[in-house]
Amino acid sequence: MKRNLLIGLGIVGGVAGALALGRRLMAGGGEAAPDEVQWPFDRAELRTLMDRVVEDQRATVGRIEDAEERARAQAFLEYYEGRRAAV
């Protein structure tokens, strides 16, 4: 009985370890090299693109009639405006 329990725990632990390793490998290690650039845009181009997203989102918020959906769109707009301000 103890032997079967230990074998079962070993198998479960091995499967969990394999899954964790597989996720890490699929994610590319999780860290980007310091020299990599996330966007191939300069700061002004990125700001212009982000301004366009904010304008589109404001139009979307104004167009939505359902209160729950509007609140969700407004929350995204506020989040994205904060991200834009950080650029």
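Just a few scattered comments:
- Subset tally (residues that are in a helix (DSSP H, G or I), of a type outside the set (Ser, Thr, Tyr) and free of Cβ contacts under 8 Å to residues at least 40 places away in the same chain) for segment 38-69: 19
- Residue selected from segment 22-72 under the condition more than 28 Å from Ala86 (Cα to Cα) and modelled with pLDDT of 75 or more, by the criterion least open to solvent (accessible area, probe 1.4 Å): Gly22
The values are calculated or read from the model by the stated rules, or taken from the named source; none is laboratory data. Here the structure is a predicted model, which is why all the values come from computation and not from measurement. Using ideal geometry, Cβ is built from the backbone for each residue, glycine included, and neighbour counts are taken over all protein chains shown. These accessible areas exclude ligands, DNA and RNA; they are computed on the full protein's heavy atoms, side chains included. Shrake-Rupley method; radii C 1.70, N 1.55, O 1.52, S 1.80 Å.
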